[in-house]
Amino acid sequence: MNWSTSILLPRGFRVAGVHCGVKPDPAKRDLALFVADGPCAAAGVFTQNRVCGAPVKVSRERVPRQTARAVVVNSGNANACTGERGIADARQMTELVAQRLGCDASDVLVCSTGVIGRFLPMDRIEAGIADACGQLADSSERLESVALAMMTTDTVPKLAMREGEIDGRPVRVTGVAKGAAMIAPNMATMLAVLLTDAALSPEQADAMLRHAVDRSFNCISVEGHTSTSDTVLLLANGAPASGGRQPPGAHHSVQELLDDVCRELAQAIVQDAEGAEHFITLDVRGCRTRDEALRIARAVADSPLVKTAIAGADPNWGRIVSAVGYCGVDVEEKNISLSLNGVLLYASGAPLDFDAAEMSKLLKMNRDVLLELDLDLGQESARFWTCDLTEEYVRLNAEYTT
């Protein structure tokens with residue numbers, strides 16, 4: 001994709017991504033800076049892992065807020081499990097940015113991603129922040145640079161944008177994300193920064209972000225491992241070009257834009273999953289509650305046996321149905337029907353005849369897989385995205401630090 005023509009920043013934001021030496025390869029950027037020209041409403045959603053990175057602890061204390069000005073991100077080092085020194089380093093990162101912007105350090109949010117249990121090289125970080133501040137711009141090239149600077153094992157930068165019109169004025173939502181492994185619901189080893197020139201209160205931003213995340217980043221899984229560093233941040237500056245305060249009800253339109261951006265970024269993470277050869281969409285329908293549908297989806301998505309069957313193009317549907325049975329939802333075989341790529345394999349608790357060899361051939365030939373689980377318990381549903389589990393995933397993660 002040609003980012004320079006397709007992905008634009010919202011009005012009133014500038015960004016820069018640089019290499020400062022956290023990563024040893026000088027060709028790889030490792031520090032990203034997002035800056036708003038004026039104060040923003042800000043909200044954040046963070047990992048539910050009780051072992052969380054120092055930047056998560058620092059940023060979580062600072063949102064929601066009305067006066068946010070920036071987000072600073074480093075990759076290559078998670079600054080997690082680093083004790084009081086890690087907290088001090090995360091705070092120092094925000095102070096270094098604040099000094100150059102002339103704002104309070106509490107108005108700067110911070111994220112880190114990478115290897116756990118190593119201290120940040122703060123001398124390099126300080127030089128990188130100075131470099132990034134000198135390169136801030138609102139160009140698409142700078143936007144791509146921050147996406148590259150957030151990457152760890154990602155193979156491609158992840159950006160998305162949606163534009164709309166509210167009361168005759170343009171509104172834009174742009175998002176940047178990273179993530180390829182240690183991906184699990186609530187949330188994943190992923191970072192995302194979302195920017196909009198819509199006018200939102202901190203309370204609106206918080207509610208809208210949680211709505212979007214619950215239907216995107218909390219509906220993806222690679223291997224079910226919840227990270228220490230997961231963070232999704234939303235900054236809304238209400239730029240004058242967007243018309244300032246939005247008319248009543250306008251936030252519903254912004255919600256749609258935000259939902260779309262988050263969904264695209266979440267799917268991009270699964271598409272880029274380490275070693276993955278299949279992208280799996282999982283639809284669960286006919287449950288009593290959405291929570292039941294999500295519990296079923298997560299059980300199937302996180303099952304190593306389901307993942308390896310799809311990796312091997314083996315239409316072993318029994319693994320999928322059995323995962324439904326152990327997820328904690330009150331269900332019996334007779335309540336379950338299953339289709340794979342549009343072919344009904346199991347209906348109301350009974351197996352159906354199908355051409356296993358042809359189904360295997362189709363799995364080998366197509367990267368996209370659709371699993372549809374239909375129950376007869378209610379009207380609620382959920383959509384979830386995951387991938388297969390391959391030998392390449394094992395190799396990449398066996399050699400991650402060595």
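The values are calculated or read from the model by the stated rules, or taken from the named source; none is laboratory data. What you see is a predicted model; the values in this text were computed from it and never measured. Glycine also receives a Cβ, built like all others from the backbone with ideal geometry; neighbour counts cover every protein chain displayed. Note: areas computed on protein heavy atoms with side chains; ligands, DNA, RNA excluded. Shrake-Rupley method; radii C 1.70, N 1.55, O 1.52, S 1.80 Å.
Among the residues making up the range 78-95, those that are open to solvent by 10 Å² or more (accessible area, probe 1.4 Å) and under 15 Å from Cys111 (Cβ atoms) are Thr82, Ile87, Asp89, Arg91, Gln92.
Can you tell me which residue within the range 239-262, out of those that are in contact with a Lys or Arg (Cβ under 7 Å, 6 or more places away or on another chain) and either over 18 Å from Cys111 (Cβ atoms) or open to solvent by 10 Å² or more (accessible area, probe 1.4 Å) (or both), is modelled with the lowest pLDDT? That would be Ala241.
Conditions tested, residue by residue: (1) of a type in the set (Gly, Ala, Ser); (2) touching a Lys or Arg at 6+ places or on another chain (Cβ under 8 Å); (3) modelled with pLDDT of 95 or more; (4) closer than 19 Å to Arg118 by Cβ.
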site	(1), (2), (3), (4)
Thr5	no, no, no, no
Cys20	no, yes, yes, yes
Ala41	yes, yes, yes, no
Gly44	yes, yes, yes, no
Gly53	yes, no, no, yes
Ser59	yes, no, yes, no
Gln66	no, no, yes, no
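For the condition surrounded by 15 or more Cβ atoms within 10 Å (Cβ to Cβ) and modelled with pLDDT of 95 or more, Ile116 does not qualify. With respect to (1) surrounded by 15 or more Cβ atoms within 10 Å (Cβ to Cβ); (2) under 24 Å from Arg285 (Cβ atoms); (3) touching a residue at least 60 places away in the same chain (Cβ under 8 Å), the lone exception for Met359 is condition (3).
Table: residues versus (1) under 24 Å from the mean Cα position of the chain (by Cα); (2) surrounded by 21 or more Cβ atoms within 10 Å (Cβ to Cβ).
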| residue | (1), (2) |
| --- | --- |
| Arg298 | yes, yes |
| Pro304 | yes, no |
| Lys307 | yes, yes |
| Asn316 | no, no |
| Ile320 | no, yes |
| Tyr326 | no, no |
| Ile336 | no, yes |
| Asn341 | no, no |
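Among the residues of the range 353-389, those that are farther than 27 Å from Phe217 by Cβ and over 29 Å from the mean Cα position of the chain (by Cα) comprise Asp353, Phe354, Asp355, Ala356, Ala357, Glu358, Met359, Ser360, Lys361, Leu362, Asp376. There is at least one residue in the range 211-228 that is surrounded by fewer than 24 Cβ atoms within 10 Å (Cβ to Cβ), of a type in the set (Asp, Glu), within 18 Å of Thr47 (Cα to Cα) and at pLDDT below 85. Meeting the requirement of 1 or more residues that are out of contact with any Ser or Thr (no Cβ under 7 Å at 6 or more places or on another chain) and without any contact (Cβ under 8 Å) to a residue 40 or more places away in the chain, the strands (runs of 3 or more DSSP E) wholly within the range 1-118 are 65-77. Scanning the range 14-51 for residues that are within 19 Å of the chain's Cα centre (by Cα), open to solvent by 10 Å² or more (accessible area, probe 1.4 Å) and within 19 Å of Asp206 (Cβ to Cβ) yields Val45, Phe46, Gln48. Of all the listed residues (Leu345, Leu373, Leu377), the sole one being of a type outside the set (Val, Ile, Thr), in a loop (DSSP other than H, G, I, E, B), under 19 Å from Gly325 (Cα atoms) and open to solvent by less than 60 Å² (accessible area, probe 1.4 Å) is Leu377. Considering Asp138, Asp197, Asp154, the condition of being open to solvent by 20 Å² or more (accessible area, probe 1.4 Å) and either modelled with pLDDT under 95 or not aromatic (Phe, Trp, Tyr) (or both) is satisfied by Asp138 alone.
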